[in-house]
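Presented below is the structure to which this report refers.
The values are calculated or read from the model by the stated rules, or taken from the named source; none is laboratory data. From a predicted model like this one, the values you see are computed outputs, not experimental measurements. Here the Cβ is made from the backbone with ideal geometry for all residues, glycine too, and neighbour counts use every protein chain on show. These area figures cover heavy atoms from the full protein model, side chains too; ligands, DNA and RNA do not enter into them. Shrake-Rupley method; radii C 1.70, N 1.55, O 1.52, S 1.80 Å.
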Amino acid sequence: MSLSQAAYKVEQAVGHNDNAITAQDVTNPANDREKYGDPSVTMQALVWQGKNVVEIVEVPKPKVIEDRDVILKVTGSTVCGSDLHLLHGSVIQMSKGDILGHEFCGVIDEMGSAVKGFSKGDRVVASFQIACGACHFCDQKLSSQCLKTNSNKTEHAMYGGNTAGMFGYSHFTGGFAGGQAEYVRVPLGDVNLLKLPEDVPDEKGLFLSDVISTSWNCVVDTGVKKGDIVAIWGAGPIGQMCADFSFINGASRVIMIDQNWRLDFVKEKYPKVELVDFSKLSNTKGVVNKLKEMTDGLGPDVALECAAGEYAKSYAHKMEIAMGLETDTSELVNEMIESVKNYGRCGITGVYVGYTNHFNIGSLMERGIRLIGNGQAPVHLYWHDLLKRIQTGEIDPLKMLTHRVKMEDMAKAYYTFDKKEDGMQKIYVETKFSAPPCEGSPGLWVPKA
């Protein structure tokens, strides 16, 4: 049994808090078909089978179990860098058979009796978080911090409070089956779905679910403004969108730090972005020194962390993570703090799950650096505005899309994405319910034998 699974056993033994208004730990209808699954219909779904193992399996279609539930036919989903943290067991409280996937869109198939404002057949995108729509945070559209959809006691103890429930993201965040499947149940569906207009195809609308909203939140929450020089750690889809959104919000320059072919992709798609290959720098202060050199010795105004805390660079941090002495490395955060100019701003959007060692709190305090945890992005705060920006063409999600994948090949796509092979960045996963590809969508991926 992995540490991730053992942590869930502890949570089961201790028991949840009593704040949630929707069912917890419904991560696969097969766990109790009579209670959660359709008695006669099955579907394909991608499930977590243990550390570094995912698999496409056949499970029951979910059914309506609460009066505000919506059942979707999934027409599009994707794999996010955050999903790799689940694959690796870095996020605790996974259980064998959990259905993954927090980004998805689809067509409404069934609805509970209390759902208002939607009809069967509506095309919709789901927010990756599950919000009640009426608590202290939901009243402010801060949906990712909803008080009534996640009753996990371990998370509350670790963090001093709970986040909202999240689709396909472990029992630590409520235990909800995800959308990497042919059908998905959306609790409180009248709050957590957004209708997609005819002029926005699924290949664009899907990404309002997470990556576009998360990137926008990273940029505006960290306070990027006119004239700023912005440095971004991580050239994946979040980093790419943050580059675009930094320019939209007035940045004068954007510098991106990563390595290998990912920088080549950015060079082709985002020619205004300046690039730093950290693998070609000679010492532990190489990134800091290079950024100072590129900014007249002062450093960038803003640093954005769009990678994650599990990717240690030094042997010391790799060993400490392996031994359980920390859950996340502080290396990238320290680079950010040391790189920005005095009174600079640093925003963390990449996933950090617990505790870190060797954090440079001295530089933070003495130089007046603002370190901002951007949090899980409050999708509901932004998605109406961002949808309009997609409609006008100001935002083009297809720029980051590299592969189109069949549902049955999704497990292979996970491993290819994890190994950073085949130029795979952001994928669109089609199901038997998907519409034909829109203009500009990549061709169908053929996995290597």
Completion exercise
When (1) more than 18 Å from His102 (Cβ to Cβ); (2) charged (D, E, K, R); (3) surrounded by 14 or more Cβ atoms within 10 Å (Cβ to Cβ) are applied to Lys35, the one that fails is (3)
Fill in the blank from the handout: For Leu86, the lone unmet condition from (1) outside any loop (DSSP other than H, G, I, E, B); (2) at pLDDT 95 or above; (3) open to solvent by less than 10 Å² (accessible area, probe 1.4 Å); (4) of a type in the set (A, V, I, L, M, F, W, C) is (2)
Handout entry: Residues satisfying the stated conditions in the range 5-44, i.e. touching an Asp or Glu at 6+ places or on another chain (Cβ under 7 Å), in contact (Cβ under 8 Å) with a residue 60 or more places away in the chain and not in a loop (DSSP other than H, G, I, E, B)
Key = Met43, Gln44
Problem - Matching option when the condition is among the polar types (S, T, N, Q), at pLDDT 95 or above and over 27 Å from Met407 (Cβ atoms), among Ser113, Ser127, Ser119 - result: Ser113
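Kindly indicate the residue of the range 403-449 that is of a type in the set (S, T, N, Q) and within 25 Å of Leu72 (Cβ to Cβ) and also surrounded by the fewest Cβ atoms within 10 Å (Cβ to Cβ) among those meeting that condition.
Only one residue fits best here, namely Ser441.
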Completion exercise
When restricted to Gly309, Gly354, Gly299, Gly350, the only residue in contact with a Ser or Thr (Cβ under 8 Å, 6 or more places away or on another chain) and closer than 27 Å to Met424 by Cα is Gly309
Handout entry: Thr392 vs. criteria among the polar types (S, T, N, Q) and buried (at least 20 other Cβ atoms within 10 Å of the Cβ)
Key = no
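Hey, among Gly297, Gly344, which residue is of a type in the set (Gly, Ala, Ser) and without any contact (Cβ under 8 Å) to a residue 24 or more places away in the chain?
Working: Gly344 fails: without any contact (Cβ under 8 Å) to a residue 24 or more places away in the chain.
It is Gly297.
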Exercise for the section: Say whether the condition of being open to solvent by less than 60 Å² (accessible area, probe 1.4 Å), closer than 26 Å to Leu142 by Cα and assigned to a loop (DSSP other than H, G, I, E, B) is met by at least one residue in the range 376-384. Expected result: yes
Fill in the blank from the handout: Given the conditions (1) under 28 Å from Lys195 (Cβ atoms); (2) among the β-branched types (Val, Ile, Thr); (3) open to solvent by 60 Å² or more (accessible area, probe 1.4 Å), every one holds for Val79 apart from (3)
Practice task
Select from the range 319-356 the residues that are in a loop (DSSP other than H, G, I, E, B) and touching a His at 6+ places or on another chain (Cβ under 6 Å) and list them in ascending order.
Solution key: Thr329, Ser330
Fill in the blank from the handout: Scanning the range 425-439 residue by residue, those touching a strand residue (DSSP E or B) at 6+ places or on another chain (Cβ under 9 Å), assigned to a loop (DSSP other than H, G, I, E, B), under 26 Å from Trp261 (Cβ atoms) and modelled with pLDDT of 95 or more turn out to be Pro437
Practice task
Among the numbered conditions (1) within 30 Å of Phe245 (Cα to Cα); (2) out of contact with any Asp or Glu (no Cβ under 9 Å at 6 or more places or on another chain), tell me where Glu182 comes up short.
Solution key: (1)
Practice task
Would you be able to say whether some residue in the range 112-121 is assigned by the TED database to the domain that holds Thr22, among the charged types (D, E, K, R) and out of contact with any Asp or Glu (no Cβ under 9 Å at 6 or more places or on another chain)?
Solution key: no
Practice task
Scan the range 101-110 and give yes if some residue there is more than 24 Å from Val211 (Cβ to Cβ), part of a helix (DSSP H, G or I) and open to solvent by 40 Å² or more (accessible area, probe 1.4 Å), otherwise no.
Solution key: no
Problem - Residues satisfying the stated conditions in the range 116-158, i.e. among the small types (Gly, Ala, Ser), touching a strand residue (DSSP E or B) at 6+ places or on another chain (Cβ under 7 Å) and buried (at least 16 other Cβ atoms within 10 Å of the Cβ) - result: Ala126, Ser143, Ser144
